[in-house]
Structure formats: C-alpha cells, structure tokens
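Here's the structure we're looking at; comments come further down.
FYI, it's all coordinate maths here, none of it is from the lab. Since we're looking at a predicted model, the values are computed, not measured. Don't worry about glycine lacking a Cβ; one is built from the backbone with ideal geometry, like all the others, and counts go over all protein chains shown.
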Amino acid sequence: MSQTSTSEMTTECTSCAAAITPQRRPLCGEILRCGDCNAEMEVVSVSPLRVEEAPQVQEDWGE
Ligand SMILES: [Zn+2]
C-alpha cells in the first residue's frame, strides 16, 4: 500500500462534520475554513490530518 491517497488530506469539520479537503498539504497551525459552515479550523496534525476548532479571536478584551 504505497499508493498516495488524497484521503489522508481529508478531515472532518468539528462543527458540522462536513469533509474538509485542503487544496494542498496544509501546515501544522494553519487555518482551514469549512466550506459548509464557514467555521475556522486549526490544523493540529498533518499526518493524519486533524483539525480543531480555531480559537475565536476576540477584539474585545474585556479584562
Ligand atoms: Zn463545518
């Protein structure tokens, strides 16, 4: 099984479970946007590809 598959570059949106397939190999820490719900996902692992919901950057620092 040395065949390179694109499946390793597909992951699931943690918000809506839609498939996220980057156009190219992403880098760890890169932000991917879900095409379905528009949520931002941070790449936490590239092999296999895993993402986590990107922390929301709030402009309002209340404290
Ligand atoms: Zn989504």
Can you list residues whose amide H is under 5 Å from E30's amide H, if they're 5+ apart or on another chain and H is modeled 1.01 Å from N? V43
Beyond 20 Å, what percent of the Cα pairs of the chain remain? 30
Simple Cβ-charge dipole of the chain, Lys/Arg +1 and Asp/Glu -1, about Cα centre, in debye nearest 20: 500
Orphan Cys of the chain, criterion: no other Cys C-beta under 4.7 Å: C28
Pseudo-spin-label distance S47 to C28, built 7 Å along Cα→Cβ, given in nm, is 1.2
Out of C34, Q23, S45 - ranked by how far each Cα lies towards the positive end of the dipole of the range 8-53, with unit charges on the beta-carbon of charged residues - the top one is Q23
